[in-house]
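A.B. asks: The structure is given below, and queries will be raised subsequently.
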Number of protein chains: 2
Amino acid sequence: MAPEKSRRERPAKPALTREGIVAAAVAILREEGLRKVTMRRLAQELDTGAASLYVYVRNTAELHAAILDELLGTIAPPSSEGGWRDRLEKLLTAYTATLLEYPGLALSALVARPSGENYLGLVENLLALLADGDVPLERRAWGIDILLQYATATAAEHADGESPDDWDALARAVRDADETTHPQIAAHAADLLTGAPAQRMSWGLQVLITGITHTGLPPERNPT
Amino acid sequence: MAPEKSRRERPAKPALTREGIVAAAVAILREEGLRKVTMRRLAQELDTGAASLYVYVRNTAELHAAILDELLGTIAPPSSEGGWRDRLEKLLTAYTATLLEYPGLALSALVARPSGENYLGLVENLLALLADGDVPLERRAWGIDILLQYATATAAEHADGESPDDWDALARAVRDADETTHPQIAAHAADLLTGAPAQRMSWGLQVLITGITHTGLPPERNPT
DNA sequence: ACCTGAACACCGTTCAAGT
DNA sequence: ACCTGAACACCGTTCAAGT
């Protein structure tokens, strides 16, 4: 008897779905990095053509947003212990740490505001923490906006394949600064180049939180 | 008599120099936008091959940095009138305005710290302004770092061909937020979506300046 | 409606060969 | 040393044609 030549022969190429596509994208991200997560590479992984993906994903930017939201699903909700400032700092640090695993995603998030379910959850938690801290209601929304921007930008700075070339160039420029033309830079050279990332981040969050609690909104706020 | 067929026949294709390359890049930027400033397009403009540019410019990132520094040369030095906070805000706003003309450059600046002459001049001026404000010396360097990051990130958010798609998506998500699962978002919906960019920017700068003047550095600062 | 192959219109960067 | 053409190894996105 001839072998059955029925449908479903092998690993049974699964039907395309948005979730399947995003899941495959995350897998490539974890194994090969964001730069390899291209429409073409992704299609190859799913055993189809790149054009097919456009039924489920508008473009590359939307794909990145979907991946990011997936990753945000893995960050733990804020613990209920400690003061609101501590909890706020912990949550934002966790968010930053997640982005730092794939700084290219932070760059995407900066340009295209996320709006996924997990991102909204994060916003929800942040707003609640500011409420806990008795930050005036009208100030909370703009407050978390700055906090998230700071966290996102801090992660985004590490994009571009961690080439410390530019950092080197800046360090050299600062050290070589002429004391007569650039007295301030000469005087601050040490501080300009010093500071562990985690310390700077923590100080930055303190600066923002303190600033937010002390700065009233402009009296009249126009729509965007 | 046959026409002289001497050297220098026509517009005399000028010799390649780094300055010439950067100048041509700025010209393309102004006329066609950053996306058109590619090695290939630039080479075409200079009547040569893309490979030739690599003698003067290490790569695209360095080219972008050179262009940015060129643009920074056009921002006016801070006026000497008014209080230091006002002058500081004005200078940072001017920096942001320049970047907002080409948000893609802001994105580059975020990833690859600039170290050009004009950028150093800006840093110098900012440090002087914080000194004017009696901000403690050790806090000034980290302070301008956050201020510049905020200004740069704010401009970078407008990169990617001003597609308000994502903003729309976020607005929809916020408005559709379920009041029981996302009570905070529902309560803050108005503020989350409100605010003219200039107002938000100004408030953000106030938050940062106030925060910087009120927040001491960690006692021990480790090298990077 | 979904899927596909092929095409369009590009990229950055490297390298062997020339001058 | 500088310059070049050609090549390598890719991209995102669209579209006509199939099922």
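The values are calculated or read from the model by the stated rules, or taken from the named source; none is laboratory data. Fair warning: this is a prediction, and the values are worked out from it, not measured in the lab. So basically every Cβ, Gly included, is an ideal-geometry build from the backbone, and we count neighbours across all protein chains shown. Calculation scope for accessible area: heavy atoms of the full protein, side chains included, ligands and nucleic acids excluded. Shrake-Rupley method; radii C 1.70, N 1.55, O 1.52, S 1.80 Å.
A.B. asks: Just to be sure I understand the model, the point goes 7 Å from the Cα along the line to the Cβ. What's the resulting B:Ser52 to A:Glu138 distance in nm?
C.D. replies: For B:Ser52 paired with A:Glu138, the spin-label model returns 6.1 nm.
A.B. asks: May I ask for the longest run of chain B untouched by trypsin sites (Lys or Arg not before Pro) that are loop-located per DSSP and have at most 13 neighbouring C-beta atoms (other than their own) within 10 Å? Let's see the in-between values first.
C.D. replies: Working: sites that count: B:Lys5, B:Arg7, B:Arg8, B:Arg58.
After excluding every exposed loop site, the longest remaining stretch is B:59-224.
A.B. asks: Continuing with this model, one more query. With chain A treated as a Gaussian network of Cα nodes joined by springs under 10 Å, which of A:Glu89, A:Glu31, A:Glu45 yields the largest mean-square fluctuation?
C.D. replies: The residue that fluctuates most here is A:Glu31.
A.B. asks: With a probe of 1.4 Å, find how much accessible area segment A:80-217 has per residue, and write the answer as a whole number in Å². Show your work: numbers first, answer last.
C.D. replies: Numbers: 5410 Å² over 138 residues.
Using a 1.4 Å probe on heavy atoms only, each residue of segment A:80-217 averages 39 Å².
A.B. asks: A further question on this structure: Defining the label point at 7 Å along Cα→Cβ, can you sort the distances from A:Pro219 to the same site in each other copy, shortest first, in nm?
C.D. replies: Distances to the matching label points in the other copies: 4.5 nm.
A.B. asks: Using a basic spin-label model with each label point 7 Å from the Cα along Cα→Cβ, how many nm lie between A:Lys36 and B:Glu101?
C.D. replies: In this crude spin-label approximation the distance works out to 4.2 nm.
A.B. asks: Go through segment A:107-122 and flag every residue whose accessible area shrinks by 40 Å² or more with all protein chains in place compared to the isolated chain (probe 1.4 Å).
C.D. replies: Checking the loss per residue gives A:Leu107, A:Leu110, A:Val111, A:Arg113, A:Ser115, A:Leu120.
A.B. asks: Here's a follow-up. Between chains A and B, what is the buried accessible area in Å², counting both sides, with a 1.4 Å probe and ligands, DNA and RNA left out, to the nearest 100?
C.D. replies: Numbers: alone 14790 and 14800 Å², together 23180 Å².
Looking at A and B, the buried total is near 6400 Å².
A.B. asks: At a 1.4 Å probe radius, carbon and sulfur cover how many percent of the accessible area of segment A:80-217? Before the final figure, lay out each step's value.
C.D. replies: On the way: 2680 of 5410 Å².
Whole-percent figure for carbon plus sulfur exposure: 49.
A.B. asks: Segment A:1-155: Rg/Rh from Cα coordinates, Kirkwood Rh?
C.D. replies: Details: Rg = 19.8 Å, Rh = 17.5 Å.
My calculation of the ratio gives 1.13.
A.B. asks: Which whole number of Å³ per residue matches the convex hull of the alpha-carbon atoms in the protein assembly as shown?
C.D. replies: Values: hull volume 102.8 nm³, N = 448.
Per residue, the Cα convex hull of the protein assembly as shown comes to 230 Å³.
A.B. asks: Let me check against my output: what whole-number percent is the relative contact order of chain B, with C-alpha pairs under 8 Å and at least 6 apart? Intermediate values should be presented prior to the final figure.
C.D. replies: Details: 168 pairs, mean separation 38.0, N = 224.
17 percent.
A.B. asks: Can I ask one more? Provide an ascending nm list, one decimal, of label-point separations from B:Gly73 to the equivalent residue in each further copy; define each label point as 7 Å from Cα along Cα→Cβ.
C.D. replies: With the label placed 7 Å along Cα→Cβ, B:Gly73 yields 5.1 nm.
A.B. asks: Classify segment A:143-210: rounded, prolate or oblate, from the alpha-carbon gyration tensor (a ≥ b ≥ c, eigenvalue square roots; a/c under 1.5 rounded; otherwise prolate if a/b is larger than b/c)? Show your work: numbers first, answer last.
C.D. replies: On the way: a/c = 2.73, a/b = 1.56, b/c = 1.75.
Cα axes put segment A:143-210 in the oblate bin.
A.B. asks: Is it possible to state the helix-based mean residue ellipticity at 222 nm for the protein assembly as shown, with each DSSP H run of 4+ residues giving -39500 (n - 2.57), the sum divided by total residues, to the nearest 500 deg cm²/dmol? What is it? Mind dumping the intermediate values first?
C.D. replies: Details: 22 runs with 284 residues, N = 448.
Calculated mean residue ellipticity at 222 nm is -20000 deg cm²/dmol.
A.B. asks: Provide an ascending nm list, one decimal, of label-point separations from A:Arg41 to the equivalent residue in each further copy; define each label point as 7 Å from Cα along Cα→Cβ.
C.D. replies: 2.5
A.B. asks: Moving to a separate point now. So, counting K/R as plus one and D/E as minus one, what does the shell of residues with Cβ under 11 Å around A:Glu32 add up to? Walk me through the intermediate numbers first.
C.D. replies: Numbers: positive: A:Arg30, A:Arg35, A:Lys36, A:Arg41; negative: A:Glu31, A:Glu45.
The answer is +2.
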